[in-house]
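The values are calculated or read from the model by the stated rules, or taken from the named source; none is laboratory data. The shown structure was predicted, so the numbers you read here are calculated from the model rather than taken from an experiment. Using ideal geometry, Cβ is built from the backbone for each residue, glycine included, and neighbour counts are taken over all protein chains shown. Note: accessible area is taken over every heavy atom of the protein model, side chains too, but ligands, DNA and RNA are not part of it. Shrake-Rupley method; radii C 1.70, N 1.55, O 1.52, S 1.80 Å.
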Amino acid sequence: MATYQVSLIPGDGIGPEVAEATRRILEATGIGFEWDYCDAGLDALEKHGDVLPKATLDSVRKNGIGLKGPITTPVGSGFRSVNVGLRQALNLYANLRPGKTIPGVQAAFDNIDLVIVRENLEDTYAGVEFDTGTPEAAEVISAINSRSQKQIAANAAITIKMITPENSRRIVEYAFDYARKNKRKKVTAVHKANIMKFSDGLFLRVAQEVAAENPDIQFEDRIVDNMCMQLMQKPDLYDVLVMPNLYGDIVSDLVAGMIGGLGVAPGGNIGTEAAVFEPIHGSAPSHAGKNEANPMAMTLSGALMLRHLGEIAAAERVEGAVAAVVGEGKDVTYDLREDRDPSKAATTSGMADAIIARL
Ligand code: NAD
């Protein structure tokens with residue numbers, strides 16, 4: 001059996017506890033792992049003088065696969081986000097966020113089974129911005145106003161939305177490949193091409209081209225506002241949704257909300273040279289070091305990693321064991337209990353033991 005070398009970035013706050021729980025659960029599947037422990041975040045800043053040390057990036061590049069816990073991003077200037085830094089440095093162009101109902105988790109919707117594929121590197125998120133009243137903004141505004149019928153106010157702040165054919169093709173192809181590998185039936189492209197005819201229009205056109213090359217998977221498109229309403233009214237009509245960065249950010253949180261919130265939702269960032277899997281939630285500092293955080297989102301991120309490695313049967317076992325423990329509702333952490341009382345709840349490691357016993 002294969003042994004996988006994985007860069008494990010435990011992170012900070014509750015990260016190390018949920019990472020340790022996940023490591024034990026993944027090893028209990030019988031699949032071989034060699035974990036390369038890597039620093040990132042505040043601890044890394046103290047040890048290496050950098051929140052995202054070169055050694056950590058080199059490790060993920062070498063192994064091609066990473067599993068990451070949450071990392072605190074202190075509010076304030078000068079501290080760059082490790083999460084955004086990792087995505088950009090490793091060119092992790094696809095953000096994968098499945099939203100699947102897990103019986104036993106309190107949620108507003110039942111029977112949700114959606115996958116959001118979000119473009120991770122461009123759109124308004126690429127960070128090309130000009131602040132109100134700056135000489136740079138004035139130059140950009142005057143250049144645009146001399147070429148456009150529609151005029152921009154002189155004191156406007158500007159954020160550039162950029163969509164390229166290459167990145168659109170890459171993300172839509174990823175969505176079709178994911179659909180095929182995971183036996184999903186339909187891909188829906190989400191956009192606002194009726195208003196942003198050039199940027200979103202390009203995304204939609206490329207999506208239609210890629211769809212024509214993948215006739216075994218159904219394809220349709222939806223305008224993003226209509227998509228949000230339809231997700232509330234008839235989510236069962238949808239399957240894999242692919243979209244540019246900003247819509248993906250919003251719609252994936254909407255879907256996480258439908259299945260019970262960020263605390264239970266897994267995620268992955270995938271590129272051509274590497275992929276890094278991580279829970280959606282943050283470092284929950286008030287629960288750190290108390291062995292009471294829920295390990296489920298990180299464990300399900302580990303299952304996504306197994307799927308990415310082609311270990312589908314092991315991924316299904318992990319997902320099934322998590323569902324069994326949560327469905328039973330006995331060995332679960334405080335956040336999955338109605339009374340939210342940590343003194344009556346399972347610990348992080350206790351919930352991990354229960355998941356291992358159900359593998
Ligand atoms: P958070 O996700 O840490 O916490 C939100 C709420 O959910 C809190 O009540 C918290 O206690 C609870 N919670 C989250 N995960 C939980 C778990 N596994 N088990 C039990 N309860 C859980 O969000 P926040 O408070 O906005 O952010 C805290 C820090 O995390 C910030 O510095 C933020 O920048 C960072 N953050 C990091 C990532 C990442 O590394 N990918 C993502 C989001 C936020």
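Overview of results
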quantity: Filter pass, V242 being crowded, with 22+ Cβ neighbours inside 10 Å, away from the ligand (no atom under 16 Å from the Cβ) and assigned to a helix (DSSP H, G or I); calculated: no
quantity: Selection from the stretch 17-32 of residues that are part of a helix (DSSP H, G or I) and either more than 12 Å from the ligand (Cβ to nearest atom) or within 19 Å of A323 (Cα to Cα) (or both); calculated: V18, A19, E20, A21, T22, R23, R24, I25, L26, E27, A28
quantity: Within the stretch 61-80, considering residues that are open to solvent by 40 Å² or more (accessible area, probe 1.4 Å) and at pLDDT 90 or above, the one farthest from the ligand (Cβ to nearest atom); calculated: K62
quantity: Wholly enclosed helices (runs of 4 or more DSSP H) of the stretch 287-359 bearing at least 2 residues within 16 Å of the ligand (Cβ to nearest atom), in the same structural domain as I14 (by TED's automatic domain parsing) and surrounded by fewer than 18 Cβ atoms within 10 Å (Cβ to Cβ); calculated: 348-357
quantity: E119 being open to solvent by less than 20 Å² (accessible area, probe 1.4 Å) and within 30 Å of L306 (Cβ to Cβ); calculated: yes
quantity: Qualifying residue in the stretch 197-212 (condition: part of a loop (DSSP other than H, G, I, E, B), within 21 Å of T164 (Cα to Cα), modelled with pLDDT of 95 or more and open to solvent by 90 Å² or more (accessible area, probe 1.4 Å)); calculated: yes
quantity: Candidate set: the stretch 245-286, residues that are assigned to a helix (DSSP H, G or I) and of a type in the set (G, A, S); chosen: the one surrounded by the fewest Cβ atoms within 10 Å (Cβ to Cβ); calculated: S286
